[in-house]
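Read the structure below first, then the notes.
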């Protein structure tokens, strides 16, 4: 098919046969008949053109137009610029924190297709905070910066695992946003926003890109008698280091800004 899986082809053709041939009669064509109009991309002209009757006595006349297939799901891959190795059933996701390469939760994306770096079109507050120094993208558009992240194409199974990690519906919401992709094109992707956040979290430093290494994965949190983020908040308030700040079974104290 011309133009790949995201395109369709409409055409009309007429061959003029010799006189006396059984194929001499031209098929009936309704002059008002047209191909369906298909919406193109936002803010661009419609790509389809009507199929007009073929003029008589023209040999091998063909009229055709590429028709872009619109996406049926927000964030679903339907763009012709997307690598051919990506399935149409996968979903584009932007990750900005501990799911990025080299961070603790990145193994969840080991079967996903990495498409490259991306950056949000709009401004959002990306902060680090909470008991475990977690990164949060706050649902407060217009504040912060254009956030840098990584774009992946994920299958439904991986997407469900990400939703479970982020506790969607309780702590986070998954929403579609516009990003500038690896090829400098604007694309719709899914990402995770912190829905319920405190005033203190909103007052944290706004980051362009997450590089913090203080995050404590869930699998390691049982080692702490007091979460390091809470301990740091107590010390910042003048509480100092106490026995409860020590890491159980290890004997190392939690210092301001992370683990010693």
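The values are calculated or read from the model by the stated rules, or taken from the named source; none is laboratory data. On a predicted model such as this, the values are computed, not experimentally measured, just so you know. Reconstructed Cβ throughout: ideal geometry from the backbone, glycine too, with neighbour counts over all protein chains shown.
Table for the structure above
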item: Single residue of region 129-147 satisfying the filter (under 17 Å from the mean Cα position of the chain (by Cα) and under 30 Å from residue 225 (Cβ atoms)) that is surrounded by the most Cβ atoms within 10 Å (Cβ to Cβ); result: 137
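Quick grid of which residues meet (1) outside the structural domain of residue 99 (by TED's automatic domain parsing); (2) without any contact (Cβ under 8 Å) to a residue 12 or more places away in the chain; (3) assigned to a loop (DSSP other than H, G, I, E, B):
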residue	(1), (2), (3)
128	no, no, no
131	no, no, yes
142	no, no, yes
152	no, no, no
164	no, yes, no
